[in-house]
Amino acid sequence: MSIFYSTFHIAEEPVLSVLVLLCALVAVILAGYLLIKLKDDRKTNRIVLITLLALFFLVGLFWLKFTPNEQLSDFATFWGKSQDALQGRAIYKNDNDYFAKWAYQTGYLVYVMGVIKLFGAHVLVLQVLNVVYQTLTLLVIYKLAMKVFDNVKIARLSVLLLMIDLDWFAMSPQNNNSYLGTLLFLVTFYLLMHDKYWQYMLAGLTLAMGNIIRPIGPVAIAGIIVFALVYKFYDKKINLHNILKLATTFIIYLAIFSAVGMAIKSSGLNEYGISNRDSEWKFVTGLDYNTKGIYDQNVVDSIDMTQSRKKVSKQEYKVIHEEIKYLNDNNKWIPLFWDKLAIMWANRSSAIDFANMQQNHSQKVIGFVNLISYLGTVLLVIFGWVGSLRLFKISYNKNIFLLLLPFMAYVAVQLLIEVQGRYRIEFTPIWAIISGVGLYSLCNWINLKWGKKPKCLN
């Protein structure tokens, strides 16, 4: 219910929010209906896909023009430290600085350094690359939907729902690692849906690069392993070929990931490679009932961050034990999880805040953009509910679980660690596919009632 509460109160006039939501629902259903009425042949499918991708790319470039270039928060750190590193300056001063305790972020820092080395210190280059990665993500979502459902209309609608979700693509002005990382993980899933050894080898490369760029690889790996155990390794008898193919993926993943870590160490850029030396911090914030698991400066100030990593780690463990005791003693685990689920998956994300529009637009414009942005999330949730229910009735390839299991692992992990609404963008593309099923079902139902009878999902 929190998603509807947020929708009704995000604008100054709740009634206006309701009217805009209803208009958006009608407009998207109408657009979806037109898309499913188009012919299903090779030429038409190619024209439709290219049109959707080109339209999104142009809107993405307009968004860059509409928002300022200033980098904020972690993204400002990436931008500043990458130039420091290129000029031979250290990226941290002590073992409790940003890149010392979260050395795994050095992977993306190297990417930013490479872009600057090739094109100069122009943040616009990184921004345009983000739009390119988003456009390619739409293409991969189309391919994934086709692979799972073998239905071009669901694929079209999945692309439509993702491309209109401003909450998803709003952070392209920031040199953030989510878009490239997400693209690489989705390509990994697509490759693993095939059967050739070279595809599994390439999946090891994309999985490693995805985790180096955006270090959420463990949840993807967890989902892949569970999928393999249930659907790949065992099919009436143990399938040794599938075991060998997946082993090849993980061997290549480990080899590349380790090699990059050692290369960063030996280069002198970061003596800690791409390790995580402060995994405790995410739990310090994530288990704080008072802040509902969100980053809070008061929590930061409660710990003396000027001390060494070893001493700070002890403080963090102490805070974690205190928070767990409080949650146990007061039976607050379920309320905490409920609030975190709402923040992560239902409430307005902070994507528009990171677009920094207050610098060059009025509060009225910002309020309207916030409303439009959040409506994309609301539509995904509404159609996602319908799509989730339809999955019990329709036929689909078992490869859908290669998408859903990492998604479920990510949801579970977020219950324990720090949450921010903007973190949902990594798995929004997968949710868009489920929402595409929901929108297709509604459009199909409309066609059954008032149009010519279409070919239904089995």
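Odds and ends about this structure:
- For the residue pairs LYS81/LYS332; LYS292/LYS314; LYS39/LYS147; LYS117/LYS310, the C-alpha atoms sit more than 30 angstrom apart in LYS81/LYS332; LYS117/LYS310.
- Out-of-range pairs (alpha-carbon distance over 30 Å; input LYS37/LYS143; LYS65/LYS93; LYS101/LYS143): LYS65/LYS93; LYS101/LYS143
- Rounded to the nearest 20 debye, the dipole magnitude of the chain is 1920 debye, with +1 charges on Lys and Arg beta carbons, -1 on Asp and Glu beta carbons, and the Cα centre as origin.
- Average projected area [Cα convex hull, segment 242-331], square nanometres: 9.3 nm²
- The modelled label-to-label distance between VAL411 and VAL125, using points 7 Å beyond Cα along the C-beta direction, is 4.1 nm.
- Computed from the alpha carbon positions, the gyration tensor of the chain leads to an equivalent ellipsoid with semi-axes of 35, 28, 24 Å, biggest first.
- Nearest-0.05 FRET efficiency for TYR289 and ARG89, computed from C-beta distance (R0 25 Å): 0.05
- The stretch between ASP97 and LYS398, if pulled fully straight at 0.36 nm per residue, gains 103.9 nm over its current Cα-Cα span.
- Taken along its principal axes, the alpha carbon cloud of segment 65-147 reaches lengths of 50, 29, 23 Å, longest axis first.
- Remark: segment 203-332 carries a charge dipole of roughly 580 debye about the Cα centre, counting +1 on each Lys and Arg Cβ and -1 on each Asp and Glu Cβ.
- Spin-label pair SER308/HIS241, simplified geometry with 7 Å Cα→Cβ offset, distance in nm: 5.6 nm
- Simple label model, 7 Å out from Cα along Cβ direction - THR248 to ASN69, nm: 4.6 nm
- Overall form of segment 11-113 per C-alpha gyration tensor (a/c, 1.5; a/b vs b/c): prolate
- Fully extended contour minus Cα-Cα distance, from TRP338 to LYS364, at 0.36 nm per residue: 6.2 nm
- Note: segment 312-432, Cα convex hull, 160 Å³ per residue.
- Pairs from the list LYS340/LYS364; LYS153/LYS449; LYS340/LYS398 with a Cα-Cα gap above 23 Å: LYS340/LYS364; LYS340/LYS398.
Throughout, read-outs are computed from the coordinates displayed, never taken from laboratory work. As the structure is a computational prediction, the values presented were derived from the model and not from experiment. Cβ atoms come from the backbone with ideal geometry, glycine included; neighbour counts cover every protein chain shown.
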